[in-house]
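To keep things clear, I will list the structure first and then write my remarks on it.
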Amino acid sequence: MNAREIFEKSVVVMKQLLTKDEMMGSIKRAKERGEEGNQKLLSERREQINGLVRKIADAKGSKASLDAVPRELTDAMVVRYLSNREIFMKTFPEGIEDIDTDPVSIWASIMISPGDEGPLS
């Protein structure tokens, strides 16, 4: 699967999870926090983001997975998605052969990279 297809499938999942207004609100708040504030948010919410991603993946990308999730955690998920998606596209510009083509699996793979699982440095 080429990188463009992987990118597009991950976007489909984000659109399932968040409305355009919700996504834009998260992006606006990310800009207001700045890079340092976003890094702090990601660090503080790292394990919660991982758990949320697994919950969403288990629910096959259902928006209901985000019910009762605090806005700060949703914002952290959006910041991680945007960051990891950019890293993924730079790391695999040609895409990946033999990848699971399920959009939620692709999204989850982007959302939890090896660096998101390991110990904090």
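Every number in this text was worked out from the coordinates using simple rules, so none of it is lab data. Since the model is a prediction, treat every value here as computed from it, not as a measurement. Quick reminder, even Gly has a Cβ in these numbers, built from the backbone with ideal geometry, and neighbours come from all protein chains shown.
Worth a mention:
- Single residue of the stretch 1-50 satisfying the filter (closer than 14 Å to Leu73 by Cα, surrounded by fewer than 19 Cβ atoms within 10 Å (Cβ to Cβ) and in contact (Cβ under 8 Å) with a residue 60 or more places away in the chain) that is nearest to the chain's Cα centre (by Cα): Asn50
- Those residues of the stretch 51-61 which are surrounded by 19 or more Cβ atoms within 10 Å (Cβ to Cβ) and either part of a helix (DSSP H, G or I) or of a type in the set (A, V, I, L, M) (or both), in sequence order: Leu52, Val53, Ile56, Ala57
- Single residue of Ala76, Ala108 found to be under 22 Å from Glu8 (Cα atoms), surrounded by 13 or more Cβ atoms within 10 Å (Cβ to Cβ), in contact with a Lys or Arg (Cβ under 6 Å, 6 or more places away or on another chain) and among the small types (Gly, Ala, Ser): Ala76
- Going through (1) under 17 Å from Ile110 (Cβ atoms); (2) not in a loop (DSSP other than H, G, I, E, B) one by one, Ala64 falls short only on (1).
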